[in-house]
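Below you'll find the structure, written out as structure tokens, and then a few comments.
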Amino acid sequence: MTDKQLPAIIPENSLVSKIHDVRGLKVMLDSDLADLYGVETKVLNQSIRRNIYRFPKDFMFQLSEIEWQSLRSQIVTSKIGRGGRTYLPNVFTEHGILMLSSILNSQQAIQVNIQIVRIFSKIRQLLIDGGVLKLEIEEIKRKINNQDKNIELVFKYLDELTEKKSKPRKRMGYMPDDL
């Protein structure tokens, strides 16, 4: 089966909703990834612990208690002690998710990873496009501001010209005596 024939097994909006912004990075929770890969979170984390050397801090990190509380309030998870987590979750950056594909080798994990990488690429492109758009808007604003100054200057000159015309002018040149 070629890459083009692989069906999207998870709706894109469902994947996007599982991407969170933590410490200025786009990340996904271990529990969300485990669910997407079709394994239990503890199985995912066991595989990670066995291959921890593959996950430097810029690929994966554990949330602080404050970060986890903040995320829990956004995604509404169960409370600790009521069937919820007993450990702070790990989160994975795009590179960490790519590395997961090397330790989880199921067909589902491969397909999900391909989808996730494509979504991260789209997000990155949107951020780049947004940055370019911001620069273009700032350039337009700067030009408009310069134009405003130029327009004000033109009106100032016009005002000066009208003031000069309203003052009586002293006649110059040859004047016949009979006038």
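Values in this text are rule-based calculations from the coordinates and carry no lab data. Everything numeric in this text was worked out from a predicted model, so none of it was measured. Cβ: placed from backbone, ideal geometry, glycine included. Neighbour counts: every protein chain shown.
Placing a pseudo-label 7 Å from each Cα along the Cα-to-Cβ vector at Leu98 and Lys122 gives an inter-label distance of 1.9 nm.
Rounded to the nearest 0.05, what FRET efficiency do Ile114 and Ser70 give with R0 = 30 Å and r taken as the Cβ-Cβ distance? Could you check? Don't skip to the answer; put the middle values down first.
Details: r = 30 Å, r/R0 = 1.00.
With R0 = 30 Å, the Cβ-Cβ based efficiency is 0.50.
In a fully extended conformation the segment linking Val43 and Tyr87 would gain 14.4 nm over its present Cα-Cα distance, using 0.36 nm per residue. Checking the a/c ratio against 1.5 first, then a/b against b/c, what shape does the Cα gyration tensor give for the stretch 9-131? Rounded, since a/c falls under 1.5.
Residues Ser47, Ser14, arranged from fewest to most other Cβ atoms within 10 angstrom of their Cβ, appear as Ser14, Ser47.
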